[in-house]
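Chemist: Can you read through this structure? Questions will come right after.
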Amino acid sequence: MRARGLAAILLIPLAAACGGREAGGPIVTTFPGSAVGVEAQVLQRQAADFMRLNPDIRIEFQRVPDDATQRHQLYVQRLNARAKDPDILQLDVVWTPEFAAAGWILPLDRLGADTTAFFPATVQANTWGGRLYAVPWFVDVGMLYWRTDLMDSPPATLDGLVERARAAMDRPEGPPRGIVWQGARYEGLVTTFIEILGGFGGRIMTPDGQVVVDSPAGVRALTFLVDEIRRWKVAPVDVLTWHEEETRFAFQNGTSAFMRNWPYAYPLMNGPDSKVAGRFSVAPMPAAPGGHPSAALGGSQLAVNAHSDHPEAAWRVIEYLTSPERMLERARAAGQFPTRPALYDDPRLAADLPIPPDRARAIIAAAVPRPVTPIWTQLSEILQIHLHRALVGQSTPEDALRDAARQMNRTIRETGVDELQRRAAAAR
Amino acid sequence: MSGSAPAGPPVPGVPMRGVEAAERRLGWKLVAPALAVILLIALFPLGWTAWESLHLHDLRMPWRGRPFVGLGNYAQIAGDARFWFALLHTTFFTIASIALELVLGLFLALAMNRAFRGRGLVRAAVLVPWAIPTVVSALLWRFLFDAQAGIANAVLVSVGVLDHPLVWFVHAWSAWIPVILADVWKTTPFVALLLLAGLQNIDASLYEAAAVDGADAWWQLRRITLPLLKPALLVVLIFRTLDAFRVFDLIYVLTGGGPGTSTEPLALYTFTALLQNLEFGYGSALSIVVFAITFGLALFYLKVLNVDLTGDVR
């Protein structure tokens with residue numbers, strides 16, 4: 001699999017070469033992408049187009065795990081060993097600061113990235129020490145799915161959400177559950193929480209890195225989730241073991257009036273095995289008085305390996321893949337949301353996205369990134385454990401959040417990440 | 001070797017000491033390859049892990065370097081509440097599951113020791129749970145205890161034990177039930193077969209004599225079976241304790257350590273620290289602690305309880 005003595009990038013044995021290898025250029029840029037489904041197909045087609053336009057660059061694919069945790073592990077191990085490949089990394093939105101602080105990915109300003117064309121939240125999530133380290137590729141946001149046959153409009157406040165959920169359950173033949181969300185002990189629980197937290201006007205960390213999740217707003221937000229289960233009984237206790245798919249099955253089978261989920265569920269629930277096809281819509285998660293509607297931000301970014309032998313070539317591939325036309329192709333093929341707001345005015349997008357573009361843009365505009373810190377995975381694990389303890393009744397929301405904040409602040413101190421952040425900003 | 005001194009009784013005229021020394025040298029040479037393999041695959045990784053455990057080494061934070069911190073990681077473990085709870089969970093799991101397995105296993109072994117038609121078939125059938133990979137049986141038990149579709153809830157609700165389906169995995173007390181049941185279901189056959197082997201070593205004439213003297217079955221069990229079964233029981237105990245103390249896959253699949261961290265055993269915590277969070281220093285220290293505890297338990301059984309792993313009565 002060596003590049004015929006021209007370029008010196010090794011491929012791992014499982015590497016799946018894409019079409020067009022015969023073009024034979026001086027540079028090979030390896031690129032790990034999802035190996036399955038429509039996503040892989042559209043990516044391979046775009047890579048082939050790129051190589052036709054740029055005969056001097058050849059793209060080869062590596063197979064990496066689709067599971068985010070496993071992919072993260074693989075990346076960290078390879079980058080620690082200063083591996084030169086893959087040249088381009090596909091990052092989850094919360095990994096960019098970690099990889100940037102570790103010096104594993106290149107800052108993109110010297111390669112000429114223009115950030116004004118992207119949603120501000122996606123740029124913020126990929127910025128470390130004042131510099132952009134990854135280009136937002138497609139965006140994922142949490143949204144509230146609601147049943148159009150059980151109510152006329154989505155709720156405008158969080159109280160209204162509970163009232164409508166209760167009213168829907170009380171209807172004759174109404175669904176047995178009011179709302180379902182991701183409540184198992186994993187990253188999904190944090191995204192569920194962060195939306196309610198924003199709705200109450202709270203946040204997890206201040207911009208200068210202090211953990212404030214145990215603020216009164218934080219306690220009110222966690223109490224709201226606990227009350228949905230125990231006091232108002234609109235959310236089933238089962239959600240505390242549920243991930244995305246379990247909530248989708250519950251909603252899709254018509255057993256819930258509301259669901260918190262990502263956009264991927266939308267086309268699936270209009271499929272032939274859905275009992276709610278054509279009878280649901282989406283809205284931003286509502287807020288309480290004093291807060292603002294908030295959507296957790298997810299999605300994929302592209303970054304350049306700091307040890308790559310061909311950063312310029314890698315950058316050209318990224319530039320191509322994140323260009324407006326390629327984003328429209330991706331939206332058409334895989335239903336993924338472009339990261340450029342201007343595209344939502346393009347009439348072509350209206351036909352391709354499952355959700356009307358103006359509604360999608362409104363939800364993405366309300367997106368809040370999770371705290372931009374290199375140690376987010378550690379902080380998130382602490383938060384997940386304490387959120388889950390409060391939800392299952394092992395501790396009160398106050399105690400849980402106080403313990404979480406204390407541990408998170410200690411971790412920040414011990415790892416010296418606050419100092420690192422100051423240094424990165426000062427170096428700029 | 002010289003080949004002049006065959007093994008066996010001392011050859012007259014040859015000094016005893018020389019023969020023995022030669023024999024000993026030969027012995028060491030013969031076991032040298034095996035010792036080398038043990039050194040390479042057991043002691044070297046252990047030593048490496050111990051060395052790693054003396055460093056602060058977090059793969060995700062290269063800016064902290066890999067400084068030598070002495071026993072710093074161990075001091076951190078001593079103050080780590082999650083570690084102590086994991087130790088508590090592991091101990092609870094070990095005691096609860098082994099107690100059930102010993103009682104049920106003995107019962108099964110006694111039953112299989114009787115002569116009856118189809119005994120061979122029963123002995124083979126009993127082994128089925130043991131033959132199923134742990135991950136598969138853990139998934140099986142997770143489906144059985146699923147809140148919506150699980151058969152456990154369906155049965156318990158229909159016979160009136162539960163008013164409404166229970167979500168087993170959101171309460172600490174109820175999450176332990178499938179965990180321990182799954183381990184008992186899987187491992188009792190192993191216990192039963194080891195005990196059965198022990199039972200068959202007991203001389204049948206002892207029971208005949210006892211019966212002639214008028215001893216009932218209960219007396220025979222207490223005074224003949226159990227004392228003579230002691231070596232087999234201890235072998236079971238040592239294997240099961242060491243296994244149960246390192247429990248990982250079963251709980252990883254069944255509860256993931258939740259709710260919160262209330263079913264998290266030591267091995268799962270170590271895995272999370274070492275391989276999920278890539279804290280190589282701290283995770284290595286945790287591994288060394290787990291190793292020290294299981295090694296200590298093994299020594300305790302071997303020295304204090306005098307277990308002979310070959311199963312002979314002492």
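The numbers here are math on the coordinates, done by the rules we state, and not lab data. What you see is a predicted model; the values in this text were computed from it and never measured. Here the Cβ positions follow ideal geometry from the backbone for every residue, glycine too, while neighbour counts run over all protein chains shown.
Chemist: Could you work out [θ]222 nm for the protein assembly as shown from helices alone, using -39500 (n - 2.57) per DSSP H run of at least four and dividing by all its residues? Round to the nearest 500 deg cm²/dmol.
Modeler: When only DSSP H runs of four or more count, the value is -16000 deg cm²/dmol.
Chemist: Which whole number gives the average count of other chain Cβ atoms within 10 Å of the Cβ atoms across peptide B:145-151? Present the calculation step by step, with values, prior to reporting the outcome.
Modeler: Working: counts 0, 2, 6, 6, 0, 0, 0.
Partner-chain Cβ atoms within 10 Å, mean over residues of B:145-151: 2.
Chemist: Which values, in whole Å and largest first, are the semi-axes of the equivalent ellipsoid of the protein assembly as shown obtained as the square root of 5 times each eigenvalue of the Cα gyration tensor?
Modeler: Taking √(5λ) for each Cα gyration eigenvalue gives 54, 37, 25 Å.
Chemist: Using just the alpha carbons, could you tell me how many Å³ per residue the convex hull of the stretch B:228-293 encloses?
Modeler: Residue-normalised Cα hull volume stands at 94 Å³.
Chemist: Separate question: Using amide H atoms built 1.01 Å from N in the peptide plane, name the residues 5+ places from A:F280, or on other chains, whose amide H lies under 5 Å from its own.
Modeler: A:T148
Chemist: Same structure, new question: Using +1 at the Cβ of each Lys and Arg and -1 at the Cβ of each Asp and Glu in the protein assembly as shown, identify which of A:Q378, B:V235, A:G103 lies farthest towards the dipole's positive end.
Modeler: B:V235
Chemist: Compute from the Cα atoms of the stretch A:273-329 the Rg and the Dmax, the latter being the longest Cα-Cα distance, and quote both in angstrom.
Modeler: Cα radius of gyration and Dmax of the stretch A:273-329 are 19.6, 53 Å respectively.
Chemist: Tell me, what does the Kirkwood hydrodynamic radius of the stretch B:73-304 come to in angstroms if you use every pair of distinct C-alpha atoms?
Modeler: When all Cα pairs of the stretch B:73-304 are included, the Kirkwood radius is 19.9 Å.
Chemist: Could you work out the relative contact order of the stretch B:73-304? I mean the mean sequence separation of Cα pairs under 8 Å and 6+ apart, divided by the number of residues, in percent.
Modeler: 30
Chemist: Okay, moving on. Give me the dipole magnitude in Debye, nearest 20, for chain B about the Cα centre, with unit charges on the beta carbon: positive for Lys and Arg, negative for Asp and Glu. Kindly include the intermediate steps, with their values, before the conclusion.
Modeler: On the way: 21 positive and 19 negative charges, 117 e Å.
Computed charge dipole of chain B: roughly 560 debye.
Chemist: Mind jotting down the distance between the C-alpha centroids of the stretch B:27-93 and the stretch B:140-196, whole Å?
Modeler: After rounding, the separation between the Cα centres reads 35 Å.
Chemist: Also, I was wondering about something else. Charges only on Cβ, +1 for Lys and Arg, -1 for Asp and Glu: so what's the dipole of the protein assembly as shown about the Cα centre, in debye to the nearest 20?
Modeler: Values: 66 positive and 66 negative charges, 228 e Å.
In total the dipole reaches around 1100 debye.
Chemist: Can you give the % of DSSP beta bridges in the protein assembly as shown that are antiparallel, to the nearest 5?
Modeler: Numbers: 28 of 41 bridges.
Antiparallel bridges: around 70 percent, rounded to the nearest 5.
Chemist: Only Cα pairs under 8 Å and at least 6 apart count here; give the relative contact order of the stretch A:218-338 as a rounded whole percent.
Modeler: 10
Chemist: Averaged across B:55-63, how many Cβ atoms of other chains sit within 10 Å of each residue's Cβ atom?
Modeler: Mean inter-chain Cβ contacts per residue within 10 Å come to 6.
Chemist: Could you tell me the center-to-center distance, by alpha carbons, between the stretch A:346-374 and the stretch A:162-200 in angstrom?
Modeler: When both Cα centres are located, 21 Å separates them.
Chemist: Under 17 Å from a point placed 7 Å out from the Cα of B:S205 along the Cα-to-Cβ direction: which residues of the stretch B:212-230 have their backbone N that close?
Modeler: Label zone hits: B:212-213.
Chemist: What is the Cα centroid distance between the stretch B:252-309 and the stretch A:82-129, reported in whole angstrom?
Modeler: A separation of 37 Å, based on Cα centres.
Chemist: Among rounded, prolate and oblate, which fits the stretch A:44-163 when a ≥ b ≥ c are the square roots of the eigenvalues of its C-alpha gyration tensor, a/c under 1.5 means rounded, and a/b larger than b/c means prolate?
Modeler: Prolate is the answer for the stretch A:44-163, as a/c is 1.5 or above and a/b outweighs b/c.
Chemist: Can you tell me which of B:298-305, A:366-373 comes out highest on packing, and rank the rest after it, using the mean Cβ neighbours within 10 Å?
Modeler: A:366-373, B:298-305
Chemist: Here's a follow-up. Could you pull out every residue, at least 5 positions away or on a different chain, whose amide H is within less than 5 Å of the one on A:M205? Hs are placed 1.01 Å off N in the peptide plane, and Pro or chain starts have none.
Modeler: A:V212
Chemist: May I ask you to list, by number, the DSSP H helices of chain B whose Cα span along the axis is at least 24 Å and whose average Kyte-Doolittle hydropathy reaches -1.0 or more? The partial results should precede the final answer.
Modeler: Numbers: long enough: B:16-38 (32 Å, 0.51); B:81-113 (47 Å, 1.56); B:172-200 (41 Å, 1.27); B:226-245 (27 Å, 1.65); B:280-299 (28 Å, 1.89).
Helices meeting the criterion: B:16-38, B:81-113, B:172-200, B:226-245, B:280-299.
Chemist: Just the Cα atoms of chain A: what Rg and Dmax do they give in Å?
Modeler: 22.2, 73
Chemist: Run down the lysines and flag those whose C-alpha is under 17 Å from the C-alpha of B:K303, throwing out any fewer than 8 positions away in its chain.
Modeler: B:K230
Chemist: If each residue of separation counts as 0.36 nm, what is the full-extension length gain between B:D249 and B:A81 once their alpha-carbon separation is subtracted?
Modeler: 58.2 nm
Chemist: Just name one of A:L240, A:G198, B:F300: the one whose Cα is farthest towards the positive end of the charge dipole of the protein assembly as shown (beta-carbon charges, Lys/Arg +1, Asp/Glu -1).
Modeler: After comparing all options, I get B:F300.
Chemist: Could you size up the charge dipole of the stretch A:257-402 around its Cα centre, putting +1 on the beta carbon of Lys and Arg and -1 on that of Asp and Glu, and report it in debye to the nearest 20?
Modeler: In total the dipole reaches around 420 debye.
Chemist: Let me ask another. Give me a single rounded figure for B:253-262: the average over its residues of other chain Cβ atoms within 10 Å of their Cβ.
Modeler: Taking the mean over all residues of the peptide, I get 5.
Chemist: Right, something else. Defining a contact as two alpha carbons under 8 Å apart and six or more residues distant in sequence, what relative contact order in percent does chain A show?
Modeler: 23
Chemist: Ok, one more. Ranked highest first by the average count of other Cβ atoms within 10 Å around their residues, in what order do A:397-404, B:80-87 fall?
Modeler: A:397-404, B:80-87
Chemist: Counting pairs of Cα atoms in the stretch B:161-273, how many percent are more than 17 Å apart? Could the numbers behind the result be given before it?
Modeler: Working: 4215 of 6328 pairs.
Pairs farther apart than 17 Å: 67 percent.
Chemist: How large is Rg over Rh for the stretch B:66-166, taking Rg from the Cα atoms and Rh as the Kirkwood inverse mean of 1/r across Cα pairs?
Modeler: 1.17
Chemist: Taking amide H positions as placed in the peptide plane 1.01 Å from N, state which residues far from A:F138 in sequence (5 or more) or on other chains have amide H under 5 Å from it.
Modeler: For A:F138, whose amide H was placed from the backbone, the distant partners under 5 Å are A:S300.
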